[in-house]
Amino acid sequence: EKFKDGLAKTRNQFTSKVNDLVAKYRTVDEDFFEELEDLLLQADVGVETVMELMDALRFEVQRKNMKDTAGIQSVISEKLVEIYEAGEEESNELLIQENGLTVILFVGVNGVGKTTTIGKLSHRLKQQGKTVMLAAGDTFRAGAIEQLQVWGDRVGVEVIKQSEGSDPAAVMYDAVRSAKSRGVDVLICDTAGRLQNKVNLMNELQKIHRVIEREVPGAPHEVLLALDATTGQNALVQAKAFKEATDVTGIVLTKLDGTAKGGIVLAIRNKLHIPVKFVGLGEKMDDLQPFDTEKYVYGLFA
Ligand code: GDP
C-alpha cells in the first residue's frame with residue numbers, strides 16, 4: 001500500500017497514459033509500440049532500458065500471438081521486472097552484521113534528503129530491535145549538525161557530534177569508539193555532500209574510510225548514496241561522480257512520491273549496476289521502504 005500511495009504521481013501520469021493508449025489502439029501495431037516507447041521515455045526509464053523493454057515486448061507479443069492490446073500492461077510489468085532483476089548482481093537488502101557493530105556511511109549532495117533518510121532509517125532499525133547511533137559527519141554545511149540532532153531527538157537515538165568546521169574524520173573516530181564501547185548495533189554516519197571539488201570529496205571520504213576501518217575491520221559495511229528522484233537524469237550524473245569517488249554499495253532514492261517520472265529507478269539500476277536499497281516515499285518517519293522490484297512495478301500498474 002505504501003508503495004502504491006508513494007507512486008501515485010507516476011501512476012497518474014504514466015500508467016493512466018498507458019491505459020489511454022491501450023483504449024485508443026485496441027490492436028497491437030507499430031504505432032502503438034511507438035507511442036508506448038515515448039511514454040516510457042517521458043517517465044525517465046532511460047533510453048537503453050526502454051530499447052531493451054521494447055525488444056522484449058515485441059518478442060513476447062509475437063510469441064503469444066497477441067493481437068489485442070488488452071492485457072498488455074501485465075506483459076509490460078512482467079518484462080520490466082525481468083529486465084530489472086537480470087541486472088541484479090547484488091541484493092537489495094541492507095547488510096547488517098550478525099554480531100558486532102555495523103557501520104553505514106551516507107553520501108550525497110545537499111538537499112537530496114540525506115538527513116531525513118538517516119532519520120527514517122534509524123527509526124526503521126530501532127523498530128527492528130537494533131540499537132542505533134548517529135555520527136554528525138557533515139561539519140561543513142551550516143545547520144547540518146543541528147538538523148541531524150533534531151532527527152536524533154525525534155527518533156530517540158544518540159548523535160555524536162563536534163563543532164561546525166571540525167574534522168569529519170575526528171567525529172567518525174569519536175563515534176566509532178563510542179558505538180563500540182556501548183555495544184551499539186548500527187552506527188549511521190552523515191558526511192558532507194560536496195561534489196564541486198571531486199578531489200577533496202575523494203580525499204575526505206578516503207580519510208573517513210580509513211579511520212572507520214582501523215577501528216572496525218571490514219567497515220564501513222554499507223556506503224549508501226542518497227539521490228533525489230525528482231532531479232531525474234541529474235541524479236544519474238551525481239551517481240556517476242560519487243561512484244568514482246568511493247565504493248557505493250547501495251542507493252536510496254528519495255522523493256519518489258514527488259515525481260511523475262518514477263521510471264528513474266530502472267534507469268539507475270541499468271546504468272550504474274548499484275542496487276537501489278531503499279526508496280523515500282514521503283517526509284515522515286515511516287516513509288522509507290526497502291526497494292522491492294515487484295512491488296514497485298506492480299504498484300505502477302495496480
Ligand atoms: P539533505 O540536505 O540531503 O540532508 O536533505 P534533507 O534531509 O534536509 O531534505 C531536504 C527536503 O526534502 C526536506 O524538506 C525533506 O523533508 C524532503 N524530503 C526528504 N526525503 C523525502 C521524500 O522521500 N519525500 C518527500 N516528499 N520529501 C522528502
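The values are calculated or read from the model by the stated rules, or taken from the named source; none is laboratory data. Since we're looking at a predicted model, the values are computed, not measured. Note: ideal-geometry Cβ built from the backbone for every residue, glycine included; neighbour counts use all protein chains shown.
From Val265, Val279, grab the single residue that is touching a strand residue (DSSP E or B) at 6+ places or on another chain (Cβ under 6 Å) and over 19 Å from Leu95 (Cα atoms).
Val265
So, His123, is that one in a helix (DSSP H, G or I) and in contact with a Pro (Cβ under 8 Å, 6 or more places away or on another chain) or not?
no
Cβ-Cβ distance below 7 Å, separation of 6 or more or different chains: which pairs start in region 29-49 with a residue that is at positive phi and end on one that is of a type in the set (Ser, Thr, Tyr) and buried (at least 18 other Cβ atoms within 10 Å of the Cβ)?
Pairs that qualify, where the first residue is at positive phi and the partner is of a type in the set (Ser, Thr, Tyr) and buried (at least 18 other Cβ atoms within 10 Å of the Cβ): there are none.
How many residues are hydrophobic (A, V, I, L, M, F, W, C), within 30 Å of Gln128 (Cα to Cα) and either assigned to a strand (DSSP E or B) or more than 15 Å from the ligand (Cβ to nearest atom) (or both) if we restrict to region 181-206?
6
Only residues that are away from the ligand (no atom under 16 Å from the Cβ), out of contact with any helix residue (DSSP H, G or I) (no Cβ under 8 Å at 6 or more places or on another chain) and closer than 19 Å to Pro220 by Cα: list them for region 101-158, please.
The answer is Thr102, Leu125, Lys130, Thr131.
Let's see how each residue does on (1) within 20 Å of Ser122 (Cα to Cα); (2) more than 15 Å from the ligand (Cβ to nearest atom); (3) of a type in the set (A, V, I, L, M):
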{"position": "Lys240", "(1), (2), (3)": "no, yes, no"}
{"position": "Asp247", "(1), (2), (3)": "no, yes, no"}
{"position": "Ile251", "(1), (2), (3)": "yes, no, yes"}
{"position": "Thr259", "(1), (2), (3)": "no, no, no"}
{"position": "Gly263", "(1), (2), (3)": "no, yes, no"}
{"position": "Leu266", "(1), (2), (3)": "no, yes, yes"}
{"position": "Asp286", "(1), (2), (3)": "yes, no, no"}
{"position": "Gln289", "(1), (2), (3)": "yes, no, no"}
{"position": "Tyr298", "(1), (2), (3)": "no, yes, no"}
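In region 18-27, what residues are assigned to a helix (DSSP H, G or I) and surrounded by fewer than 17 Cβ atoms within 10 Å (Cβ to Cβ)?
Scanning region 18-27 gives Asn19, Asp20, Ala23, Lys24.
Of the residues in region 69-119, how many are modelled with pLDDT of 95 or more, assigned to a helix (DSSP H, G or I) and more than 24 Å from Lys240 (Cα to Cα)?
Counting residues in region 69-119 that are modelled with pLDDT of 95 or more, assigned to a helix (DSSP H, G or I) and more than 24 Å from Lys240 (Cα to Cα) gives 1.
Go through region 159-170 and give me each residue that's outside any strand (DSSP E or B) and away from the ligand (no atom under 16 Å from the Cβ).
Scanning region 159-170 gives Gln162, Ser163, Gly165, Ser166, Asp167, Ala169, Ala170.
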